[in-house]
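Undergrad: Pasting in a structure now, in structure tokens, and then I'll have a few things to ask.
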Amino acid sequence: VYRCVPDKQRSFALGVQSVFLRLLGTIPGPILFGVAIDNSCTLWDVDECKTKGACWVYDNKRMAYLLMGISAACKIITIIFILMAVCLYKPP
């Protein structure tokens, strides 16, 4: 970030970078992993009102595949963006 922006805009660039890291790194991650864990449940606790409660039994193999798939997809996306940055960066 320091090499890509003028000296007067470095603090602003670091602030924008921090906002993007927080938005893309902390918000969708727990939601995706929660959905994966919920999808691997095989037996839910259902009460008299037909509302779902906690999960009683998980399909461990399905959960492992889902969590590993999410992690691998995120890593592949990261590698693609790093390669794009290396190829498209033009030094000043």
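The values are calculated or read from the model by the stated rules, or taken from the named source; none is laboratory data. The model shown is predicted, which means the values in this text are computed figures rather than measured ones. Cβ sites come from the backbone with ideal geometry, for glycine too, and all protein chains shown count toward neighbours. Accessible surface areas use protein heavy atoms only, side chains included; no ligands, DNA or RNA. Shrake-Rupley method; radii C 1.70, N 1.55, O 1.52, S 1.80 Å.
Undergrad: What residue, among those in region 1-22 that are open to solvent by 90 Å² or more (accessible area, probe 1.4 Å) and of a type in the set (D, E, K, R), is modelled with the lowest pLDDT?
TA: Per the criteria, the residue is ARG3.
Undergrad: I would also like to ask the following. Taking region 1-55 on its own, how many of its residues are in contact with a strand residue (DSSP E or B) (Cβ under 7 Å, 6 or more places away or on another chain) and among the hydroxyl-bearing types (Ser, Thr, Tyr)?
TA: Start the filter on region 1-55 by keeping residues that are in contact with a strand residue (DSSP E or B) (Cβ under 7 Å, 6 or more places away or on another chain), which leaves 40-47, 52-55.
Next cut, among the hydroxyl-bearing types (Ser, Thr, Tyr) only: 40, 42.
Total satisfying the criteria: 2.
Undergrad: Turning to a different aspect of this structure: Could you list, in sequence order, all residues of region 31-41 that are of a type outside the set (Asp, Glu) and either under 26 Å from VAL86 (Cα atoms) or open to solvent by less than 90 Å² (accessible area, probe 1.4 Å) (or both)?
TA: LEU32, PHE33, GLY34, VAL35, ALA36, ILE37, ASN39, SER40, CYS41
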